[in-house]
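Written out below as structure tokens is the structure these notes cover.
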Amino acid sequence: MAEAFTWLFLSGILMCSVLLYNVHQPERNVIITSKRPNFIIILADDIGWYDLDANQPEGRANHTPNLNLMAEQGLRLTDFHSPASTCSPSRAAILTGRYGLRNGVTHNFAVGSVAGLPLSEVTFPQLLQKAGYYTAMIGKWHLGHNGPYRPTNRGFSYYLGIPYSNDMGCTDRPGYDLPQCPPCVSCGPQVIRLQRNVHGGCYSKAGLPLMENGSIVEQPLDLWTLTEQYKSAATRIIHNARDRGQPYLLYLALAHMHVPLAPPPSLSVSPTSSSVYAASLQEMDSLVGAVKSASDETDKDNTLIWFTGDNGPWEQKCQYAGSVGPFMGKWQTSRGGGSAKRTTWEGGHRVPTVAYWPGTIPANTTSSSLLSGMDIFPTLLSLAGVTPPSDKRYDGVDATNILLHGERGGHEFLFHPNSGAAGRFGDLQTVRMGRYKAFYITGAAEACGGGTGRQELHDPPLIFDLEHDEAEETPLDIQTPEYQAAADRIARRREELLWDIATDKSVSAADYSTNDSATPCCDPRQPVCRCRMLS
């Protein structure tokens, strides 16, 4: 009798424990491993959806063989979107999991910006670092380069890279751009000016700096050797992580495609050749391949590599821009102006995306789930078992079950912020709902050749059915029941989100003020702040 009572008592305790455990667990499948996973996030600058060979069903140009292999061995996400269509707001949303109207970053920071991503915002590198991860970043930051706004104060234990875009400073051997940028002035008094000069959009006064942690190690940097420096640093970080036995995050932000980064001299590319962009794409792909190989050699079965883009191609750069493929934004292009970077047309924010994790993510799979770069924040934290701060509202969704188990899901509604074309920066005036996409404003983005197209407000909105019109050419007839049903649901959700943001006490405001003294400079006594401290 006593033994029976004891057995019932222990069984009850066990049952209660199971119930309590289930009550406090999120409603998702949890990966149970003996150690926390490593994360490698690769963000390609200004890359077109069609630049990934695997997204070209009719035949491949073989510019991205390493990414093709990663797609064959992992998961290709075909309906994945950058959170904005320009650099700073996209990166801020990825790191915080929040729209720009919440995190305060709605447009790009400048060479002379005194601040950056608001210090009130919390990044996923900060949370992973606090949880015991070694965190490193290589590449383009563009979220503040002074004091507390630097990468090493925003969650990264190590940083090597350019504080902003690769066209925001002069170099002695310029890469490719349209119009072509002159080399740095090599003599004469040092004069830094924040405004662009008469050479048509080039920053030709202050040298482009390469920074390591908080110090400038090379100014102006050599674009022609940058890939090798990144490759060396990235592979060293990965191999050192194995020796430490510590989980790691490597954030690799590559600016190769922003304006084509100078490929190695051995490629002998002509500055006027359309092969320049292809050469830079191949150069970036080779770096991705080196990182993947280093990861495979060290901790292959416990490392997630997630490749995506910060926005679509810079259309006004003509032959130096990538390809949007079928996402041409024909409604806009037929009226003049661009439909890629800076816009909310599909070409501006639908980006090539691949997730690779051998043995965990099923190989050679594809998902059309509607996802965003903001989803990286909650997904990595979920996989690492880290809970984000509860005093902030987030816009990303946990994509764990999509990546690992092939489930359908993602966003029911996804908003695309105005990013420098029509309207006010950050306003959520384009809305995706399943197959439907509504525009409340269009126009005002420069295309190759200089046309911009006039800004137009749409009330009622233009709505496209992307399932049958991926080129966004012909909007639905507003008189049809299909249009009315979609418009009503989209309008209600848009009003709900705007109210949610308006009442969000965690909303931040970025300081966009500039000052000449904020321009990175290793030695003001030298022309273009010239120095070289690399060994």
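Go over the candidates G450, G373, G423, G434 one by one and state the one that is within 23 Å of the chain's Cα centre (by Cα), open to solvent by 30 Å² or more (accessible area, probe 1.4 Å), in contact (Cβ under 8 Å) with a residue 12 or more places away in the chain and closer than 18 Å to A340 by Cα. Walk me through how you get there before you give the answer.
On the way: G450 fails: within 23 Å of the chain's Cα centre (by Cα); G373 fails: open to solvent by 30 Å² or more (accessible area, probe 1.4 Å); G434 fails: closer than 18 Å to A340 by Cα.
Of the residues listed, the single one that is within 23 Å of the chain's Cα centre (by Cα), open to solvent by 30 Å² or more (accessible area, probe 1.4 Å), in contact (Cβ under 8 Å) with a residue 12 or more places away in the chain and closer than 18 Å to A340 by Cα is G423.
What is the one condition in (1) open to solvent by less than 10 Å² (accessible area, probe 1.4 Å); (2) under 26 Å from K330 (Cβ atoms); (3) at pLDDT below 95 that C529 does not satisfy?
Checking C529 against (1) open to solvent by less than 10 Å² (accessible area, probe 1.4 Å); (2) under 26 Å from K330 (Cβ atoms); (3) at pLDDT below 95, the one that fails is (2).
Just for the stretch 130-180: of the residues that are among the hydroxyl-bearing types (S, T, Y) and open to solvent by 10 Å² or more (accessible area, probe 1.4 Å), which one is farthest from L261 (Cα to Cα)? Quick ask: steps written out before the conclusion?
Let us first name the residues in the stretch 130-180 that are among the hydroxyl-bearing types (S, T, Y), namely 133-135, 149, 152, 157-159, 164-165, 171, 176.
Those left that are additionally open to solvent by 10 Å² or more (accessible area, probe 1.4 Å): 134, 149, 152, 157-158, 176.
Numbers: Y134: 29, Y149: 26, T152: 25, S157: 26, Y158: 23, Y176: 7 Å.
Ranking the qualifying residues of the stretch 130-180, first place goes to Y134.
Of all residues being part of a loop (DSSP other than H, G, I, E, B) and open to solvent by less than 50 Å² (accessible area, probe 1.4 Å) in the stretch 64-78, which is nearest to S286 (Cα to Cα)? Just the residue, please.
First, pick out the residues of the stretch 64-78 that are part of a loop (DSSP other than H, G, I, E, B): 64, 73-74, 78.
Narrowing further to those that are open to solvent by less than 50 Å² (accessible area, probe 1.4 Å): 64, 74, 78.
Working: T64: 8, G74: 18, T78: 22 Å.
In this case the residue turns out to be T64.
Quick check on the stretch 400-411: of everything there that is more than 21 Å from L497 (Cα to Cα) and assigned to a loop (DSSP other than H, G, I, E, B), which residue is most open to solvent (accessible area, probe 1.4 Å)?
Applying the first criterion (more than 21 Å from L497 (Cα to Cα)) to the stretch 400-411 yields 400-408.
Next, only the ones that are assigned to a loop (DSSP other than H, G, I, E, B) stay: 406-408.
On the way: G406: 62, E407: 78, R408: 165 Å².
Once the filter is applied, the top-ranked residue is R408.
This table checks each residue for (1) assigned to a helix (DSSP H, G or I); (2) under 16 Å from L250 (Cβ atoms); (3) of a type outside the set (V, I, T); (4) at pLDDT below 95.
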residue: A136; (1), (2), (3), (4): no, yes, yes, no
residue: H142; (1), (2), (3), (4): no, no, yes, no
residue: T152; (1), (2), (3), (4): yes, yes, no, no
residue: F156; (1), (2), (3), (4): no, yes, yes, no
residue: L160; (1), (2), (3), (4): no, yes, yes, no
residue: P163; (1), (2), (3), (4): no, no, yes, no
residue: N166; (1), (2), (3), (4): no, no, yes, yes
residue: D172; (1), (2), (3), (4): no, no, yes, yes
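Would you confirm, using the coordinates I've provided, whether A447 is among the aliphatic types (A, V, I, L, M), at pLDDT 95 or above and within 30 Å of L226 (Cα to Cα)? Lay out the reasoning, then the answer.
Numbers: among the aliphatic types (A, V, I, L, M): yes; at pLDDT 95 or above: yes; within 30 Å of L226 (Cα to Cα): yes.
So A447 passes the test.
If you take just the helices (runs of 4 or more DSSP H) that sit entirely in the stretch 273-377, which of them hold at least 2 residues that are charged (D, E, K, R)? Spell out how you get there, then give the answer.
Details: elements: 275-299, 330-333, 346-349.
Fully inside the stretch 273-377 and qualifying: 275-299.
Considering only the stretch 293-316, how many residues are buried (at least 23 other Cβ atoms within 10 Å of the Cβ) and either without any contact (Cβ under 8 Å) to a residue 40 or more places away in the chain or out of contact with any Ser or Thr (no Cβ under 9 Å at 6 or more places or on another chain) (or both)?
1
Go through (1) without any contact (Cβ under 8 Å) to a residue 40 or more places away in the chain; (2) among the charged types (D, E, K, R); (3) within 30 Å of K392 (Cα to Cα) and name the single condition D500 misses.
Of (1) without any contact (Cβ under 8 Å) to a residue 40 or more places away in the chain; (2) among the charged types (D, E, K, R); (3) within 30 Å of K392 (Cα to Cα), only one is false for D500: (1).
Could you list, in sequence order, all residues of the stretch 482-517 that are of a type in the set (D, E) and either open to solvent by 80 Å² or more (accessible area, probe 1.4 Å) or part of a helix (DSSP H, G or I) (or both)? Reasoning before the result, please.
Filtering the stretch 482-517 down to residues of a type in the set (D, E) leaves 482, 488, 495-496, 500, 504, 511, 516.
Across the stretch 482-517, the qualifying residues are E482, D488, E495, E496, D500, D516.
So, S506, is that one in contact with a helix residue (DSSP H, G or I) (Cβ under 9 Å, 6 or more places away or on another chain) and not hydrophobic (A, V, I, L, M, F, W, C) or not?
Numbers: in contact with a helix residue (DSSP H, G or I) (Cβ under 9 Å, 6 or more places away or on another chain): yes; not hydrophobic (A, V, I, L, M, F, W, C): yes.
Yes: the conditions hold for S506.
Regarding the stretch 223-245, can at least one residue be identified that is at pLDDT 95 or above, in a strand (DSSP E or B) and open to solvent by less than 50 Å² (accessible area, probe 1.4 Å)?
Among the residues of the stretch 223-245, not one is at pLDDT 95 or above, in a strand (DSSP E or B) and open to solvent by less than 50 Å² (accessible area, probe 1.4 Å), which makes the answer no.
Name the residues in the stretch 208-219 that are at pLDDT 95 or above and either under 20 Å from C87 (Cα atoms) or not in a strand (DSSP E or B) (or both), would you?
Across the stretch 208-219, the qualifying residues are L208, P209, L210, M211, N213.
Can you tell me which residue is farthest from V105 (Cα to Cα) among those in the stretch 52-63 that are open to solvent by less than 10 Å² (accessible area, probe 1.4 Å) and part of a helix (DSSP H, G or I)? If you could, list the steps in order and put the result at the bottom.
At the first step, the residues of the stretch 52-63 found to be open to solvent by less than 10 Å² (accessible area, probe 1.4 Å) are 52-53, 55.
Filter once more, so that each one left must be part of a helix (DSSP H, G or I): 53, 55.
Values: D53: 32, N55: 31 Å.
Applying the filter and picking the extreme gives D53.
Step by step: first the residues of the stretch 279-292, then only those that are among the hydrophobic types (A, V, I, L, M, F, W, C) and open to solvent by less than 20 Å² (accessible area, probe 1.4 Å), then the one that is farthest from the chain's Cα centre (by Cα). Which residue is that?
Residues of the stretch 279-292 that are among the hydrophobic types (A, V, I, L, M, F, W, C), as a first pass: 279, 281, 284, 287-288, 290-291.
In the following step, the residues that additionally are open to solvent by less than 20 Å² (accessible area, probe 1.4 Å) were identified as 279, 281, 284, 287-288, 291.
Numbers: A279: 22, L281: 17, M284: 15, L287: 17, V288: 15, V291: 18 Å.
Residue satisfying both the conditions and the ranking: A279.
The values are calculated or read from the model by the stated rules, or taken from the named source; none is laboratory data. All figures in this text were calculated on a predicted structure; none of them were measured in a lab. Please note: Cβ atoms are built from the backbone with ideal geometry, for glycine as well, and neighbour counts cover all protein chains shown. The area values use the complete protein model at the heavy-atom level, side chains included, leaving out ligands, DNA and RNA. Shrake-Rupley method; radii C 1.70, N 1.55, O 1.52, S 1.80 Å.
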